[in-house]
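Following: one structure in structure tokens, then a few remarks.
Quick note: the coordinates plus some simple rules give every number you see, no bench work behind them. For clarity, every value in this text was computed on a predicted model and none was experimentally measured. Cβ sites come from the backbone with ideal geometry, for glycine too, and all protein chains shown count toward neighbours.
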Amino acid sequence: MWACLRKEWLAETRSRAGVLAAGLFSVSAVVAVWFASFGFRLPGGLAAGLLWVTLLFSAVVALPRVLLAEEENGTGDLLRQWARPHAVFWGKALFNSLQMILTAVALTVLFLVLTDLQIRHPLLLALSLAAGCTALSAGTTLCGALAAQAPNRAALSVAVSVPFLLPMVALGITAVRVAFGQGEPSGGWQGCVGLACYAVATFSGGPHLFAAVWRR
Amino acid sequence: MRNLANVLLLAAMAGATVVSYLVPPAKGFQEPDLARIIFFHLPCAFAATAFLFYGAFAAIRSLSGDRLLWDARAEAAHAMAAAMAIATMLSGILFSRVQWGAWWQNDPRQTSFLLVLLILGAYFAIRSAFQDPERRARNSAAYAVGSLLPNLFLIFVFPRLPQVSTFHPMVIGKQGGFDPIYWRTILLVFACLMATAVWAYRQRVRAILLEERLEQLDAELDSRQRHAADRVVRAVRLPEPDESPGG
């Protein structure tokens, strides 16, 4: 697992393709939101929705690449021979989680600066983003594996990831809107705990499903 | 015998439809007469949920062995779930228009069912992306099993979260406010609808298995013809030395 994580890290530091794609997409989306909300202050619920939609699309654009690239470069078979499917899944999902958390931190800071929003519950915001990004990463890694061997893999991975991840986004919005000052704190913490449970379920169930599809 | 069962099924479904019109109009709705949509809307939603979870069960069986048979069952169950979910959405949209005044109310239950429909769409997108039956079965089964958690959340948890307010009456549990005669009619229509849906599901499974058999036979025939063509020796006239272009 650590070897797989290290391999992804080295490949990313060489090419920076994933971080660049996610970063560019996220910055463009936040700037678009800023243009759309120019001249008025976003309410907490709407701001939370926009932030999570941006996170969702930056995840589905950038994260499945770690598996799609293996098939495109023809290195998938070598990986199948050298590593157990569970180790591959956890390595790639952990790498995706790290990348997604970095993207989320940068994106949220930019979002807060441009929209001038007040954070009422910083801890809730941080924990829900961390749990949400972990859940999104595991889900996207699984969807990437499902689409990796299809002829139209890039489009298919986005098409199957979005409906799969939308329930997580709903929970994330529930938590973040409270962090932005809309709604009761108990509801926000409920959403945050839901996200954490989702992340645990996806990380523990994902490797078994991954093992079923990660073969020739 | 089978024809008699089909005729009985048709008669039962027609009888249930007639009964749904004989029940007195529901009080407390904007349009009491049109509240009868519930008699078809709720059973369709229950049937969609039942087929969705049976589809996930069939997908688990498909991953653990006897792949092609259980894959056919999973596909047919998902197709029935999609048909029932579409019927639920259409009847719900109609109900929303006549009772609440708008085609779409941003109701959490409406939205969550739409998301379930999108997940079903993604399942069929995966199926259509793979030509190889083995890989198609494996990948679509993994997606069906993986989407069990989102589906459970969308159907049973999300509409009941205290943070979301819904127009939908809570018809199951303590707050269930239907008259007993309404519940009896709903259960009667549900029983007839399920019987019809199970019949359609079995026909679909048979059709999928026959299609697969036909494809196998086609492939075998193609392979035999190719081998036969390899063995044919055709007489070819060789050019005489003085007829050749160089000579």
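For B:123, B:201, which order do you get if you count the other beta carbons within 10 Å of each Cβ and list the fewest first?
B:201, B:123
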Potential extension, residue B:238-residue B:160 segment - 0.36 nm per residue separation minus Cα distance: 19.6 nm
Potential extension, residue B:195-residue B:225 segment - 0.36 nm per residue separation minus Cα distance: 6.3 nm
Total charge dipole magnitude, region A:2-213, about the Cα centre, Cβ charges on Lys, Arg, Asp, Glu only, Debye to nearest 20: 180
Between region A:5-61 and region A:166-192, the Cα center-to-center distance that results, in Å: 19
Estimated [θ] at 222 nm from DSSP helical runs (n ≥ 4, -39500 (n - 2.57)) normalised by residues in the protein assembly as shown, nearest 500: -26500 deg cm²/dmol
Whether the protein assembly as shown is rounded, prolate or oblate, judged on the alpha carbon gyration tensor where a/c under 1.5 counts as rounded: oblate
Projected label distance in nm at residue B:103 and residue B:183, using a 7 Å step from Cα toward the beta-carbon: 3.6
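Could you work out the Kirkwood radius for chain B, taking every pair of different alpha carbons, averaging 1/r and inverting it, reported in Å?
21.5
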Residue B:217-residue A:34 FRET efficiency (beta carbon distance; Förster radius 56 Å; 0.05 resolution): 0.35
Helix B:108-129 axis, angle to chain B major axis (alpha carbon atoms, nearest 10°): 10
Least to most buried among B:78, A:121 (fewest other Cβ within 10 Å first): A:121, B:78
Sites residue A:13 and residue A:201, calculated FRET efficiency, Cβ-Cβ separation with R0 35 Å, nearest 0.05: 0.65
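Within 10 Å of each Cβ of A:192-202, how many other protein chain Cβ atoms are there on average? Present the calculation step by step, with values, prior to reporting the outcome.
On the way: counts 0, 0, 4, 0, 0, 2, 3, 0, 0, 2, 3.
Whole-number average of other-chain Cβ neighbours for A:192-202 is 1.
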q = 0.09, 0.12 Å⁻¹, chain A: log10 I(q)/I(0) [Debye, one scatterer per Cα]: -0.35, -0.60
